[in-house]
Amino acid sequence: MPNHRLPLNNLPAEGRELVLDDAAIWAENLGQFHMDCRVRTPLSVRLHIMPLEEGYLVRGHLSGSVTLPCNRCAEDVTVELDAPFEEFEDVPDPADGQDTAPGDSHIVLDKGVPLLDMAALCWEEFVLALPMNPLCSPDCRGLCPQCGANRNREQCTCEQEGGDPRLAVLRGLTVKKGWTNTEK
Ligand SMILES: [Zn+2]
Ligand SMILES: [Zn+2]
């Protein structure tokens, strides 16, 4: 992951604002995790880092857009990302003998100097901002489970011949129960 570590030791009391838009942060991670996600308009994160008594408050805003496969039909879906976030970052305690703080802090100690790992933070916020269930449209009809045809564009013959296999099971049940024997 590209190195974007910000030393926090000389941060002014009112904090510091900066923008992180190094495309490599996302490109490298998307490749490493084999994620089927392409950056469409460049991603950019605005960060404001403010020192507090026990750590740092990081407020940020992620923007840009990506292309993901629809969860039902696998066609491209463009997703606009517009995600504000706010994180409290703990500072590792040198008394613990650890250079990293417990939990999910993005601050590491380097020879006693706290550094904020901005690339890791931005990547994490990016993953959180992605939709869990991207759909090309809310009523996407998906792919035919038998022949793989995109049912948004074509009606395959599977449907005409056998119908939906799940419905066929239900129809079978209805027939078995039948009215014919008991009611006549
Ligand atoms: Zn779809
Ligand atoms: Zn089919």
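Values quoted throughout were computed directly from the atomic coordinates according to the rules given, and no laboratory measurement underlies them. All of these numbers come straight from a predicted model, not from anything done at the bench. Cβ: placed from backbone, ideal geometry, glycine included. Neighbour counts: every protein chain shown.
Provide the gained length on full extension for the span Ser65 to Glu80, in nm with one decimal, where the gain is 0.36 nm per separating residue minus the Cα-Cα distance. Please report the intermediate quantities before stating the final value.
Details: separation 15, 0.36 × 15 = 5.40 nm, distance 0.43 nm.
Once the chain is fully extended between Ser65 and Glu80, it gains 5.0 nm.
Neighbour counts of other C-beta atoms within 10 Å: give me His48, His106 arranged from fewest to most. Spell out each step's value before the answer.
Values: His48 15, His106 23.
Least to most surrounded, the residues fall as His48, His106.
Please give the length that would be gained between Glu28 and His48 if that part of the chain were fully extended, namely 0.36 nm times their separation in residues minus their C-alpha to C-alpha distance (nm, one decimal).
Contour length minus Cα-Cα distance gives 4.8 nm.
At R0 = 45 Å, how high is the FRET efficiency between Asp139 and Glu14 if r is their beta carbon distance? Nearest 0.05 is fine.
0.35
Give the calculated FRET efficiency between Asn3 and Leu128 to the nearest 0.05, with a Förster radius of 30 Å applied to their Cβ-Cβ distance. Kindly include the intermediate steps, with their values, before the conclusion.
Details: r = 22 Å, r/R0 = 0.73.
Result of the calculation: an efficiency of 0.85.
Arrange the following residues from fewest to most other Cβ atoms within 10 Å of their Cβ: Phe126, Phe85, Phe33. Kindly include the intermediate steps, with their values, before the conclusion.
Working: Phe126 22, Phe85 17, Phe33 10.
Ordered by Cβ neighbours within 10 Å, fewest first: Phe33, Phe85, Phe126.
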